[in-house]
1. Could you tell me the extents of segment 241-318's C-alpha atoms along the three principal axes, largest first, rounded to whole Å?
2. If I take the Cα coordinates of the chain and project them onto the principal axes, what are the three extents in Å, biggest first?
3. With a/c under 1.5 counting as rounded, go ahead and sort segment 421-564 into rounded, prolate or oblate using the C-alpha gyration tensor (a ≥ b ≥ c being the square roots of the eigenvalues; past the cut-off, prolate if a/b is larger than b/c, else oblate).
4. Average the reciprocal distances over every distinct pair of alpha-carbons in segment 170-223, invert the result, and give the Kirkwood radius in Å.
5. Could you tell me, in Å, what Rg and Dmax come out for the Cα atoms of segment 595-714?
6. Run the numbers on segment 191-341 and let me know its relative contact order in percent, using alpha-carbon pairs under 8 Å that are six or more apart.
7. Evaluated at 25 °C with a viscosity of 0.890 mPa s, what Stokes-Einstein diffusion coefficient in µm²/s does segment 186-329 have when Rh comes from the Kirkwood expression over alpha-carbon pairs?
8. I'd like the FRET efficiency for Asp608 and Lys366, computed as 1/(1 + (r/R0)^6) with the beta carbon distance as r and R0 of 25 Å, rounded to 0.05.
Amino acid sequence: MLNIPTLKFSYGNLLLARLREVGSATTTELLGDMPGQLFKSEGPHENPERRARDCLRFARMLDLVVEDERGWTLTEPGDDYAAKVDLSNPWIVDEVQAGVLRHQLSRGGAPLGGDAKIALQIVRDLPADFSNDDLGRALAEHADTGQWQADRTFESQGARYRELLVETGLINGRGELTDHGVVFLGPQPSVWWVNQGATYAKERDGGFLWAPMLNKAGRPQYHWDTMDEVREGDVVLHYSNGSLRAASHVTAAARPAPNPLDDQAWEAAGRLVESQYQELNEPVALAAIDEGARIKQGSPFTVAGSVQQVYLVRLQAEFVSELTQRFPELATHLPPMPAGARSTSTSVEAPMLPPELFHDFALAVKASGLRFPAGSNLVRSFLSSLLAKPFAILTGLAGSGKTQLAMRLGEWFGTDEHGRHRHVVVPVRPDWTGPESMFGYEDALRTSASGAPVWFVPEAFEFVLRAASDPQYPYLLILDEMNLAHVERYFSDFLSGVESRRPVLPDLVFDQQSNQWIVRDVEAQRLPLPRNLFVVGTVNVDETTYMFSPKVLDRAFTFEFRVTSDELDAELERPIAAPAAEDQRVRAFASLAESDDWQREHPHPARDQIVSTLREAHAILARANQEFGHRTLYEILRFCAFFAGTGDADVDTALDLAIMQKVLPKVHGSRRRVEPVLTELSALAQGAGSAPRLPITHAKIARMIDSVRANQFVSFAE
């Protein structure tokens with residue numbers, strides 16, 4: 001239970017000054033005939049003796065006074081404090097007196113010392129603009145007391161502890177820790193960033209970090225020497241293959257140790273730090289960390305925010321605070337940061353917003369000569385859907401621009417540092433009957449010099465591995481004619497990995513000497529799908545193709561491409577390549593797509609109306625057992641937020657496109673089962689006016705009703 005100061009400590013200054021004069025006295029003797037002169041407020045004072053006793057008890061909790069049968073007596077620190085009371089203005093605590101109070105709090109014997117430290121820790125962890133009520137509630141939660149019930153109690157108790165911390169100079173008037181406050185709390189754990197790459201699995205399994213003393217040239221490296229600065233209790237964030245994979249807590253400081261990695265690339269002599277690893281349930285991709293925060297942090301990041309080739313670097317408090325606020329799972333491992341380290345915006349410049357990205361991409365599409373009907377919103381919707389979910393299916397007429405639109409986006413992504421395009425078009429073959437068509441397989445007929453298994457890597461998987469090695473930039477895999485084979489047979493690992501974000505890919509490295517892919521470590525775990533990988537599949541429906549199952553459509557945004565007679569234009573020419581976007585815009589696209597909370601921070605202005613309409617649609621679909629789940633709602637809200645962010649906040653437009661792309665693809669089946677559902681959905685799309693409220697959805701439903709009546713069966717793809 002916390003000791004509670006009853007009032008400002010300075011209110012007892014005159015009592016302590018008088019006690020210094022008389023040497024020893026009872027409370028009654030100290031008050032004398034005119035007790036009102038000892039208190040700041042003017043009288044009359046109800047029960048002045050109780051008020052004086054409260055002041056003296058407060059002083060006793062700081063070991064400034066002692067009480068025995070003869071009354072109150074100053075201790076030596078109490079005498080030092082009372083000697084500095086300014087009788088002309090006794091209601092303040094000067095710096096010398098504050099130093100005495102801090103000494104008493106920190107020496108360990110004062111009953112209030114531990115409580116003051118708890119209060120200061122709570123203040124450090126509260127937002128910078130915390131109120132007395134916030135502090136009081138946090139104190140009550142820490143003390144696990146149910147005695148504080150009324151709002152005024154939290155306010156008053158928080159105010160009293162705040163005054164104590166201010167008067168002792170541990171916080172300033174704004175509630176921020178002073179230098180004295182930082183010293184009072186003692187050294188805080190440091191947070192480190194370690195780049196491990198191929199050594200991650202062995203170091204994780206062994207529960208250690210290891211770095212050599214010298215390089216092959218016999219020279220030390222600063223990012224290895226930092227091992228000597230690591231202390232027990234520090235936290236280490238482990239980066240490998242494009243993501244933060246684990247957090248660990250240091251259990252022993254560095255000690256000399258020979259190389260435990262069985263790797264001849266390093267000298268034998270080195271340092272070893274013991275640390276207890278805990279892998280993250282969901283690895284944090286590099287691009288998901290604010291680029292401005294990375295740039296401001298400096299090492300281990302370059303001036304562009306990419307990861308440097310260094311081993312171990314101490315992180316700044318402001319960067320740690322950014323990680324704490326953005327990633328809840330990481331926050332459970334990170335020490336709290338002082339309020340002064342928190343920042344509402346860590347970016348070094350204004351963040352790239354969706355309107356800028358959309359307009360830049362739309363201009364690139366136009367410059368390529370690719371045209372779509374005016375008012376179709378196809379380009380805006382396509383970009384918004386991929387920001388919301390990295391998987392889209394483009395279905396419709398052959399030659400209607402499906403592959404061309406996807407290629408324009410890939411060209412807009414530009415090229416990597418080696419001049420290779422960040423997109424690839426992979427034709428799907430009818431003989432793709434298993435996951436090895438996408439992700440390869442262990443080739444038992446080949447061997448490597450190291451004895452590690454050799455992996456056959458098809459074109460699609462090589463592209464995925466490229467994406468994993470360049471996590472700041474988006475990569476686009478275009479699967480052309482993806483329904484020429486059973487999608488579930490070759491694509492199931494992707495469908496699982498894109499939702500669960502669990503490891504599904506073998507961890508491979510390219511061996512230059514043998515010119516082949518080998519498993520990095522036979523004991524290493526698999527890798528998750530890179531968060532910067534986007535997949536677009538094009539689909540044509542005829543007698544040579546396969547139907548999509550609902551589980552595939554449920555994981556994608558599905559677009560339908562149609563061409564009317566009036567849209568046929570004899571002047572159209574074959575599209576050319578789109579110009580690449582600026583480097584900053586491309587990186588911004590990857591960061592936005594990997595921000596899971598963007599739609600919460602920037603919701604569609606009519607979010608509640610969107611949810612209400614989707615609930616109506618859900619109730620209709622439920623009557624045919626074709627309703628959607630939480631994921632569909634989440635992705636639609638995310639799509640609508642990005643769509644509004646690109647510059648079109650009309651709620652009906654966003655709803656029209658979202659229902660067309662995420663809800664209608666689920667509707668399929670016989671006439672008896674589907675026609676009543678389509679009829680009700682048609683009425684929902686029509687709305688109360690003469691013109692349909694959701695015209696694209698309404699027109700599609702009309703075609704599906706015609707189809708189900710003619711064929712007794714219908715699906716989204718025509």
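1. 38, 27, 24
2. For the chain, the Cα spread along each principal axis is 107, 76, 43 Å.
3. prolate
4. Evaluated over segment 170-223, this radius sits at 15.2 Å.
5. 14.6, 47
6. Relative CO of segment 191-341 lands at 27 percent.
7. The calculation lands on 159 µm²/s.
8. 0.10
FYI, it's all coordinate maths here, none of it is from the lab. Note that the structure is a prediction, hence the values are computed from the model and not measured. Heads up, the Cβs are rebuilt from the backbone with ideal geometry, glycines too, and the neighbour counts pull from every protein chain shown.
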